[in-house]
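First comes the structure, then the notes that go with it.
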Amino acid sequence: MPAALSISGLTKTYASGLQALKGIDLQIQQGEIFALLGPNGAGKTTLINIVCGLVTPSSGLILAADHDILRDYRAARTLIGLVPQELATDMFETVGATVNYSRQLFGCERNPALIEKLLRDLALWERRRDLIMTLSGGMKRRVMIAKALSHEPQILFLDEPTAGVDVELRREMWSLVRSLRERGVTIILTTHYIEEAEEMADRIGVIHKGALIVVEQKSTLMRKLGRKELTLQLLEPLGAIPDGLRDWPLALSPSGLELQYSFTTADQHTDIAALLKRLDALGIAFKDLNTRQSTLEEIFVGLVREGDRRPA
Amino acid sequence: MSSWHFNRRGVAAIYKFEMARFRRTVLQSIVTPVITTSLYFVVFGSAIGSRITTIGGTSYGAFIVPGLIMLMLLTESLSNASFGIYLPKFTGTIYELLSAPVSSLEIVLGQSGAATTKSLVLGGLILGTASLFVPIRILHPGWMIAFLLLTAASFSLFGFVLGIWARSFEQLQFAPMLVVTPLTFLGGAFYSIDMLPRPWRMVTLFNPIVYLISGFRWSFYGKADVSVALSLACVTAFLAVCLGLIAWIFKTGYRLKN
Ligand SMILES: Nc1ncnc2c1ncn2[C@@H]1O[C@H](COP(=O)(O)OP(=O)(O)OP(=O)(O)O)[C@@H](O)[C@H]1O
Ligand SMILES: [Mg+2]
């Protein structure tokens, strides 16, 4: 089975001379949820817009299920749905009309049943006869999602789908994305909410200054780069870390009441049990302890910093 | 280029979308030109025209009908078509057209087709309004329709080019207001260029709209300022230039894609 999307050697230099993409290579498998992370201006939207035909690439080859997006654009675009980053709707159209329009624009036969289901799924059915200008921002975004899904695409691009969407709606969006995946739809999304990528993605790509600096399975990424932290709340303050604890890289809080031990999840010899035993032997008592795993966000910030240090 | 068939549903969708936009603004787009036409008749036809006897055997009121229709046709085709493509560029909804499996030809067909349709309806309405004021006869109805259609189509295409070129509403207004309207007035909409002194007649012949109006008026009254073949060639050439420009725009993505 060919990859749902295959990008090789993609570069983009805007007319301004700014190089927004510097040689992107990326394969996305069918049915995958791929999250593209990166700070503002990293090139996420540029990448998506090139695949969808809004921006012309400077060089490189892009295949959507084996169809060249430039030479065989009709077949490629038929497979692709796009929800762009910016809200853009026809204010004077009704919700129903605009979604039907999208379906026909993509060359599909009218299908009222399908459109009804789509609008119901997106909680827009009650508003189908309303003008788009009377909807809230979050509803407009859902209209754009309905438009993008109206021609039953195989590959869906969501450029920051949950920007400006409330918590409840965001959860609904996540479940919609999951249900799409169950139907075999490949989803590529960008987001600034790391928890979103953490929650949904199978694989994560981090793009920084136009280059993909990491592409990993989410679990691998978290395992490889994630850190764990053990914090012990001591009963009596310590003046300094005793010599007997030199084997562990510990940090003592200024109050002397908290002992912190951080280690990477990949470390083989993280022996918390031994540490606790040693504390006991040294007569250091603690009243509480907790551990936490670093979030993807911390991993991400670390990666971007590292990327910044590397010469471009 | 592609193995896929012509996206006829896509073209129909674009056409219907544009027609729906016209329907929403039916007041501005139909009532305004009809009232304007009536005003022209009151002022030029009755007030001034009563002092002019005939031009080439045609009463002045009847003489100005083809020119008036052309004036409306040119400005309306231009502004409708340019607005039709400028608006999605301005609001950002153009993303959908660019990401859909429609070819450039199909987009132009849907958009300019709708603008042309509207212009033709408008032309008919003005003709109807005019016939309330003056007796009109049409010697060559087939040619009249041909000129109407060719002019509406080519200026709709020209409007499409203008809408893509424009970066602001001011630029969008620029061509209809500052180029087409003056050229139409100077192009013999309200007079025969035979009435001009000799040097000015020469200058006027560089105005392409002279040929449109002359040919169109010929289809009504059988009298032309310039040869009909020349008129026809002129409209066809203009159509070809616009088509060429549009092909180039889509090939290069000029002001459409980054
Ligand atoms: N039309 C354009 N002309 C010139 N430069 C552009 C254009 N569009 C984007 N850029 C530049 O390209 C770079 C990448 O922009 P892009 O929109 O792809 O970033 P992004 O990762 O989507 O950012 P964000 O998270 O803010 O949406 C930025 O430096 C931006 O300024
Ligand atoms: Mg972006």
(request) Determine, yes or no, whether A:LEU87 is within 26 Å of the chain's Cα centre (by Cα), more than 20 Å from B:ASN7 (Cβ to Cβ) and either touching a residue at least 12 places away in the same chain (Cβ under 8 Å) or away from ligand 1 (no atom under 16 Å from the Cβ) (or both). (result) yes
(request) Determine, yes or no, whether A:ARG181 is surrounded by 18 or more Cβ atoms within 10 Å (Cβ to Cβ), more than 14 Å from every other protein chain (Cβ to nearest Cβ) and at pLDDT 90 or above. (result) no
(request) Select from segment A:151-168 the residues that are away from ligand 1 (no atom under 16 Å from the Cβ) and touching a residue at least 60 places away in the same chain (Cβ under 8 Å) and write down the one among them that is nearest to the other protein chains (Cβ to nearest Cβ). (result) A:HIS151
(message) Which residue is farthest from the other protein chains (Cβ to nearest Cβ), if the candidates are limited to segment B:243-258 and must be among the hydrophobic types (A, V, I, L, M, F, W, C) and surrounded by 15 or more Cβ atoms within 10 Å (Cβ to Cβ)?
(response) B:LEU243
(request) Please tell me if A:LEU18 is without any contact (Cβ under 8 Å) to a residue 60 or more places away in the chain and within 16 Å of ligand 2 (Cβ to nearest atom). (result) yes
(message) Out of the residues in segment B:95-131 meeting the condition of being without any contact (Cβ under 8 Å) to a residue 60 or more places away in the chain and surrounded by 23 or more Cβ atoms within 10 Å (Cβ to Cβ), tell me which one is nearest to the other protein chains (Cβ to nearest Cβ).
(response) B:SER99
(request) Give segment A:19-75 a look and list any residue that's of a type in the set (D, E, K, R) and either part of a loop (DSSP other than H, G, I, E, B) or under 22 Å from the mean Cα position of the chain (by Cα) (or both), or say none. (result) A:LYS22, A:ASP25, A:GLU32, A:LYS44, A:ASP66, A:ARG71, A:ASP72
(request) Check A:MET133, A:MET144 and return the single one that is within 12 Å of chain B (Cβ to nearest Cβ) and over 27 Å from B:ASN7 (Cα atoms). (result) A:MET133
(message) Consider segment A:81-102. How many of its residues are within 16 Å of ligand 2 (Cβ to nearest atom), more than 7 Å from chain B (Cβ to nearest Cβ) and closer than 25 Å to A:ALA65 by Cβ?
(response) 2
(request) With a cut-off of at least 2 residues that are free of Cβ contacts under 8 Å to residues at least 60 places away in the same chain, name the helices (runs of 4 or more DSSP H) lying wholly within segment A:178-284. (result) A:218-225, A:272-281
(request) Report, by residue number, each residue of segment A:116-162 that is farther than 23 Å from B:THR91 by Cβ and of a type in the set (Val, Ile, Thr). (result) A:ILE155
(request) Those residues that are in contact with a helix residue (DSSP H, G or I) (Cβ under 9 Å, 6 or more places away or on another chain), within 14 Å of chain B (Cβ to nearest Cβ) and modelled with pLDDT under 95, I need them from segment A:15-53; list them, please. (result) A:GLY53
(message) Among the residues in segment B:66-82, are any out of contact with any strand residue (DSSP E or B) (no Cβ under 9 Å at 6 or more places or on another chain), more than 14 Å from every other protein chain (Cβ to nearest Cβ) and among the β-branched types (Val, Ile, Thr)?
(response) yes
(request) Check segment B:15-22 and report whether any residue there is within 14 Å of chain A (Cβ to nearest Cβ), aliphatic (A, V, I, L, M) and either in a helix (DSSP H, G or I) or under 25 Å from the mean Cα position of the chain (by Cα) (or both). (result) yes
(request) Give segment A:24-60 a look and list any residue that's more than 16 Å from ligand 2 (Cβ to nearest atom) and of a type in the set (Val, Ile, Thr), or say none. (result) A:ILE28, A:ILE33, A:THR56
(request) Scan segment A:195-216 for residues that are in contact with a strand residue (DSSP E or B) (Cβ under 9 Å, 6 or more places away or on another chain) and charged (D, E, K, R) and jot them down. (result) A:GLU196, A:GLU198, A:ASP202, A:ARG203, A:LYS209, A:GLU216
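The values are calculated or read from the model by the stated rules, or taken from the named source; none is laboratory data. This one's a predicted model, so the numbers in the text were calculated from it and none came from an experiment. Heads up, the Cβs are rebuilt from the backbone with ideal geometry, glycines too, and the neighbour counts pull from every protein chain shown.
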